[in-house]
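The values are calculated or read from the model by the stated rules, or taken from the named source; none is laboratory data. Keep in mind that what you see is a predicted model, and the values were worked out from it rather than measured. Glycine also receives a Cβ, built like all others from the backbone with ideal geometry; neighbour counts cover every protein chain displayed. Surface areas here come from the heavy atoms of the whole protein model, side chains and all, with no ligands, DNA or RNA. Shrake-Rupley method; radii C 1.70, N 1.55, O 1.52, S 1.80 Å.
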Amino acid sequence: MLYTAGRREDAVRLGPKHIQGGRIRFTQAKNEDRAPVEMDMPPHPHLKAAIDVGPCGVETFLVTEFGQPHTANGFGNWFREKCIEARVPGRAHGLRKAMAARLAESQATAHEVMSITGHRTLEEVENYTRAARKPGMADSAMLKLQTSAAKIVPPQIEVGQEDEKDLIKQAHLAALALPRGLEPLFSP
């Protein structure tokens, strides 16, 4: 589920027949009769390794303890129980969200995320990736600020220790100054 960003309805249907030409190809179960979404992606190396190691069923990769394919609800319940046993939070759908977040954190574009998750609109992808991108955007913003501040070099003059502190302080304040044409609402 994690490396296909599939829903549980997709996970219980995926099997060897969906690996074609070294790619994972399937139709998402959601809305398949009204507006099918065809998925076509390379398998992530971790997913390929998990499939190779098995155990896998003949028709589907995921099978019950009796060797039969899971139902979507049965799989969801089984997954929840395994999370509880392992004392980890989570449900099957959380893996889909986790993949969308990982893609966003790795700087995948919204359209690239959509190609893996099968979302049709940017708004749907935003729901999954908004929180994931925040720390990265904050890092990027601060780096830009630091880079901007580093470009301001104080004049090369002979100064004492106190004068040097004042020059450094002025350089930092200049880096934070408003661009020309933007005036503060209140003067200090």
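General remarks:
- Residue match in segment 138-146 (condition: at pLDDT below 70, surrounded by 10 or more Cβ atoms within 10 Å (Cβ to Cβ) and not aliphatic (A, V, I, L, M)): no
- Hits in segment 11-26 - residues which are within 23 Å of Phe79 (Cα to Cα) and either touching a helix residue (DSSP H, G or I) at 6+ places or on another chain (Cβ under 9 Å) or open to solvent by 70 Å² or more (accessible area, probe 1.4 Å) (or both): Ala11, Val12, Arg13, Pro16, Ile24, Phe26
- Of the criteria (1) at pLDDT below 95; (2) among the aliphatic types (A, V, I, L, M); (3) under 21 Å from Asn127 (Cβ atoms), which one Val53 fails: (3)
- In segment 64-108, the residue that is most open to solvent (accessible area, probe 1.4 Å) out of those that are basic (Lys, Arg) and within 18 Å of Val12 (Cβ to Cβ) is Arg91.
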